[in-house]
Each structure stands twice: as structure tokens, then as C-alpha cells.
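Participant: I have a structure I would like to understand better, so I am pasting it below and will then ask my questions one at a time.
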Amino acid sequence: MDTIFALASARGKAGVAVIRISGPNAWPAARRIAGELPSPRHASLRRLAFDGEFLDEALVLTFAQGESFTGEQSVEFQIHGATATIAAVLAALGQQPGLRLAEAGEFTRRALENGRLDLAQVEGLADLIEAETEAQRRQALRVLSGAVGARAEIWRNDLIRSAALIEATIDFADEDVPVDVSPEVLELIDRVSTDLGRELEGFGAAERIRDGFEVAIVGRPNAGKSTLLNALAGRDAAITSEVAGTTRDVIEVRMDLGGLAVTLLDTAGLRETDDTVELIGVERALLRASEADLRVFLVDGESPAMLDVQPGDIVVRGKADLLEGSGPELSVSGKTGAGIAALVERITISLSERAGRAGLITRERHKTAIRMAIGAMESARDEVLDGPDRAELAAENLRRAVRALDALVGRVDVEHLLDEIFSSFCIGK
């Protein structure tokens, strides 16, 4: 492979910048600039120079083949983060024979190709880089740590044993096999199917942690929805007016609630109308509210007739500053802030309970692979129950299930996905 290099830290002025070099010529190229290198995994201060010109002082770290992030010989220069200093060091590296600038995600791609990461871990790393909330960080770290691959290996081994037991009966078809293997095979299939079914059940919550929950604020026109959104956001995100029907489109505000990424939706007031533009707004409000993970009904005595309250939705009285006394239900005022903290707590508790049911798999690709494995196992189970004459078909279906799990962690049939996955990475990662 070529030896590649790139800025591995964020672009722009910083106290420290990290430049990474990886490949068979990493150490020789680094020696031409830094002189004698420290022993692997030992940091040492060196003067960087090229063609007699002093570039910078850098903390230099080396990694031997098989011990680096990529699995190749690697060097990292921790230099001062001035834009001119970074440019000078990168220019010096670019003039070294056999070196070229890394493409987006190329370091991580080499880690995959060299067996340092599986594909699920690569996706976990991408999610960790993009993480905005504590829940996203924890979930990404769990995937990056290899939890998906570890579980997949257990499922895979159980299926391989099932297939081996069945194939043993095929090999000895002309002889008397003293033991009926079907009970053990069915037990293994059922155990793996149950585990995979749990993962599918937890996919929705895991996907929401990764992508964010949506909470729609719904109600009649002039119920105070936009004022409430502004109070929750802490800024004037939506236009407020005494005129009913001011909000025509869906307004979105991204927030962090209890470590969860949440998008609040301010929707058009729900009512029958002859105004063409307002009608479009109402239709969009109904669509987004029906697709939202949670709805907050802001009412002034009764819920909007156009949308039913579902189990788990939150009903809250609006304009608490105008109410006389206090009712038993939750009430809020976007103007005074009364009840806002209690509402935020209710939303956070509701979404946190859903997040607590999250499984390991976080992407549609994972879901598809597991569904394929379950489908193959169901077919295998049917063949086993049909008797020994169907043993070959049962074994083949189990092999199909194993291949689906192999695709989950990137062992097979994923080459077409790699360009799309690594395009989301920055150069230097």
C-alpha cells in the first residue's frame, strides 16, 4: 500500500495539531524530517526540519506494524497548531518519495482491511465523531468497542455448530446414527432467533438515540405553541402573534434533553380552514405529528378534534399565566416560564424510558442483515422438523444465516457499501 499522511486533528488555529503518517514508508519519511525516532509507543520531543529549514518542535510518537490504529507502521507529529506550521509540515511530507495525502476515511478503511476494526466498529467510530449528546456518545462507544461483533460471533458459532451437526447426519446417511441431533439443533436455532428478535425490538430506540427523537407540539390555533417552543428553546425560534394561524410551516429546534438529541416541532394550529396556504400547513402538521416519537398537546380546555391523543402523549394546559387557580393537570406559560421545567422533565423521562430499551444495532443495514438471518433460520427450522430427508436444505439455510451475520460485521458482501460509509469521514480519520 501507499504510505499516506494527513492532518488528523480539526482544521484551523489550535494549540496543538496532530499529523498522522501510516504505511510501509512512514518511519523512513519521519526520520528525514525528525531525525532519530523514539522507540514505539514512547513520545519524545524532536526538531522538525526539511531541506535545511527548521519547521517546528514536535512531540513524536511511533507505532509498530500491528500495534497502530491502522495496523501499519505509523508516526504521529504533535505540532503547534498554527495554520502556517501545519501547512509547512504537510508540504514537507508531500515531497517525500512514496508518500501521498490520505483520502477521506482512508486511515479507518485501512484499519478495517487490516483487521483492526470490523465494519460495525467503523460505523460506531463514525457515530462517535458525529455524537452531540451523552447518549449518542455512550451508544457509539459501545458499538466501537466491538459489542456488535462479539455478539455476532456468539450467534455465528451457534449456527455453525447447528450446521455441523446436521451435516454429520448427511455424511453418515447410509449408516445408523446413534443420536438424534435435531433437539440440539432446534435449541440452538431458537436461542439465536430469540436473541436476534430482541435486537430487532430494540432497533427503533437505538436508531432514535443515534438520529434524535422528534417531539411535536400540537394544538388549536393561538393556543401558545410558538411561545412555548421559544421558551423551551431559550430563543425566538418562531414568530408569535395574537393572530390565529400565524404558523404555517413546521419549525424545528434541536435540543439536548437529558443527554438525548431531541428535535422540537412547532406545528400549524389544527382547525378546518378555507385558506389554501394554512390548509397546507395543517396537513403538514398532521403528518409530522403522526410521525413524531412524542406529541405534546397544548390545550385550552379541550384537545384539537383533528388528532387523537395516543398512549404516552403529554397533555398540558397552555397560557397558565391567564388561568385562575391551578388545576390538577400540568399547565405551562411560555411567557412567564411557569411549568416549563416540569414539562421538560416529563418529556425527558418519557424519551429516556424508550431509550432504555435500545439494542446494539443502530443502522438500517444491521436491521436488514438480522432480518435475513432470522428468515434463513426459520426456513432451517422448518426443514429440520420435516425430517432427515430435508437435512441438506436445513444446512444450507443455516449457512445463509451465517453469511447474513458475516455481512453484519463486514466479513462478506459489503464492498459496495464502503465508499458510502467512508465518504462521511473527514480526511485524517
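Participant: Based on alpha-carbon atoms only, what is the radius of gyration of the chain relative to the globular estimate 2.2 N^0.38 Å? Let's see the in-between values first.
Facilitator: Numbers: Rg = 29.1 Å, N = 429, 2.2 N^0.38 = 22.0 Å.
Ratio of Cα Rg to 2.2 N^0.38 Å: 1.32.
Participant: Now, a different point. Taking amide H positions as placed 1.01 Å from N in the peptide plane, with prolines and chain starts having none, which residues 5 or more places from residue 315, or on another chain, fall under 5 Å of its amide H?
Facilitator: 297
Participant: Can you list residues from other chains, or at least 5 along the same chain, whose modelled amide H is less than 5 Å from the amide H of residue 71?
Facilitator: So residue 71 has HN proximity to 66.
Participant: With θ set to phi - 60° and the Karplus curve 6.51 cos²θ - 1.76 cosθ + 1.60, what are the ³J(HN,Hα) couplings of segment 290-300 in order, to the nearest whole Hz, using x for Gly and Pro?
Facilitator: 5, 8, 5, 6, 8, 10, 9, 8, 9, 10, 10
Participant: I've got another one for you. Reported to two decimal places, what Rg/Rh ratio describes segment 121-232 when computed on Cα atoms with Rh from the Kirkwood expression? Before the final figure, lay out each step's value.
Facilitator: Working: Rg = 23.9 Å, Rh = 18.4 Å.
Over the Cα atoms of segment 121-232, Rg/Rh equals 1.30.
Participant: In addition: Sort 344-351, 362-369 by packing, meaning the average of other beta carbons within 10 Å per residue, with the highest value first.
Facilitator: Values: 344-351: 16.8, 362-369: 20.0.
Most protected by this proxy first, the peptides run 362-369, 344-351.
Participant: Hey, could you get me the Stokes-Einstein D for segment 7-69, Kirkwood radius over alpha-carbon pairs, 20 °C and 1.002 mPa s, rounded to whole µm² s⁻¹?
Facilitator: On the way: Rh = 12.7 Å.
It comes out at roughly 169 µm²/s.
Participant: Once you list every other residue whose beta carbon is under 12 Å from the beta carbon of residue 83, what net charge do they have if Lys and Arg are +1 and Asp and Glu are -1?
Facilitator: Working: positive: 11, 13; negative: none.
Neighbourhood net charge equals +2.
Participant: Arranged by the count of other C-beta atoms within 10 angstrom, fewest first, what order do 267, 85, 336 take? Don't skip to the end; give the middle numbers.
Facilitator: Working: 267 28, 85 16, 336 12.
Going from sparsest to densest Cβ surroundings: 336, 85, 267.
Participant: Kindly provide the pair-distance distribution of segment 46-141 built from C-alpha pairs, with 10 Å bins from 0 and whole-percent values in order of increasing distance.
Facilitator: The distribution over segment 46-141 is 14, 33, 34, 17, 2, 0, given as percents.
Participant: Give me P(r) over segment 354-394, computed from all C-alpha to C-alpha distances, binned every 10 Å, as integer percentages.
Facilitator: 27, 31, 24, 15, 3
Participant: Using the 10 angstrom Cβ neighbour count as an exposure proxy, how do 154, 166 rank, fewest first? Intermediate values should be presented prior to the final figure.
Facilitator: Values: 154 13, 166 25.
In increasing order of surrounding Cβ atoms, one gets 154, 166.
Participant: Now for a separate question. Cut-off is 10 Å between beta-carbons; in what order do 250, 192 appear when sorted fewest neighbours first?
Facilitator: Details: 250 16, 192 23.
The order, fewest Cβ neighbours first, is 250, 192.
Participant: Also, quick follow-up: Between residue 291 and residue 348, what is the label-to-label distance in nm when each label sits 7 Å out along the Cα-to-Cβ direction?
Facilitator: Those two pseudo-labels are separated by 2.8 nm.
Participant: Continuing with this model, one more query. Relative to the present Cα-Cα distance, how much length would full extension add between residue 276 and residue 137 at 0.36 nm per residue of separation?
Facilitator: Values: separation 139, 0.36 × 139 = 50.04 nm, distance 4.40 nm.
Answer, rounded to one decimal: 45.6 nm.
Participant: Quick check: pseudo-label points 7 Å beyond the Cα along Cα→Cβ at residue 386 and residue 184, how many nm apart are they?
Facilitator: So the two model labels end up 2.4 nm from each other.
Read the figures in this text as sums done on the coordinates, not as results from a lab. Everything numeric here is computed off the predicted structure, so don't read it as measured data. Cβ sites come from the backbone with ideal geometry, for glycine too, and all protein chains shown count toward neighbours.
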